[in-house]
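Below: one structure, written as structure tokens.
The values are calculated or read from the model by the stated rules, or taken from the named source; none is laboratory data. All figures in this text were calculated on a predicted structure; none of them were measured in a lab. Using ideal geometry, Cβ is built from the backbone for each residue, glycine included, and neighbour counts are taken over all protein chains shown.
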Amino acid sequence: MLQSATHSGSAATTHPSFSGDTSDDGSSHPRCGVRERGTVIRRFVGVLPLLSRFPFFSGDKRIRTLDAELRRRGFTFSQLASMLGYRPRRRDLFLEALLHRSFLPITDGTWTSNERLEFLGDAILNFLVADHLYRSMPDQEEGELTKLRSRLVNRRILAQRSRALGLNTVLLLSASAAQSLDSGAESIVADAFESVIGAIYLDGGLEEAREFVDRTLLSAVDLTSVAALDDNYKSALLEYAQSRSLGIPRYNVLKEEGPEHDRRFTIEVTLGSDPYGIGSGRSKKDAEQAAAAQALEKIHKELPLSTEPPISNVP
């Protein structure tokens, strides 16, 4: 009798409900399920960071707002990732990279513009281009390397690469800024290219940023053509106008915007009474150069080969 009681007591105290003992496969007692419930909870908690990448599950209203703006433009974040050839880890960085300051009022002050990312991306881009030129051109002097780097990262080439990716179609802009984009303003799309580089650097590190720059800029641009580039577009346009007896190009300020420390100018260049190009920049000089560059591109496309202007060194 005593033996039976002892055996019964031992069975009670060693029941998995009290001791936590489990079977060999790690499962709990089939009628208790304590361990199973704990495992399910842990697995669910582990999935939460992955779910947060999707706007429906994201607790960040800021991200959902900009995701909705992208969809309104006919794009999804997955399409943006495909466009860049890069899978972002931090969604917020890449939404910010698309956010022009003209769109800030629509965000109710919950976002900052892409200008900080642009600042960082500009520095990263200059370093990566300098590193590439240093390694690939061991016989070039410092002065030539500096000149070539400045030509590779100029506004016009960056704008071309940005448009080639399609960034101009997904930028978050005000209606007025979008109009300037449609008219060929290069500064906004060039800045977006740099802000994306900044986002990739923060998200994936320097090597990911290097791969992006190599693929979208350095491998896509003919260095020989860039080396021969005359980036004084105003001089090239003046030379062409005088050779065709068109008079002197006139540059007219269409718009000035922004605070004193960060002014933006939009300038139109005319030959005779005809408008030939519009450019934007942070100074009148930059805006005039951008306008002249667009005018030269227009001339190059419109004239027959036999009468093309002497601007073969302008891409």
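A few points about this structure:
- Some residue of the range 129-142 being free of Cβ contacts under 8 Å to residues at least 60 places away in the same chain, farther than 15 Å from ARG210 by Cα and part of a helix (DSSP H, G or I): yes
- Per the listing ALA177, ALA190, ALA123, the residue uniquely in contact (Cβ under 8 Å) with a residue 40 or more places away in the chain and outside any loop (DSSP other than H, G, I, E, B) is ALA177.
- Elements of type helices (runs of 4 or more DSSP H) in the range 199-275, at least 1 residues being closer than 17 Å to ALA290 by Cβ and either out of contact with any Phe, Trp or Tyr (no Cβ under 6 Å at 6 or more places or on another chain) or not assigned by TED's automatic domain parsing to the domain that holds LEU120 (or both): 233-243
- Residue, modelled with the highest pLDDT, within the range 113-142, restricted to residues that are farther than 22 Å from ALA159 by Cα and among the polar types (S, T, N, Q): SER136
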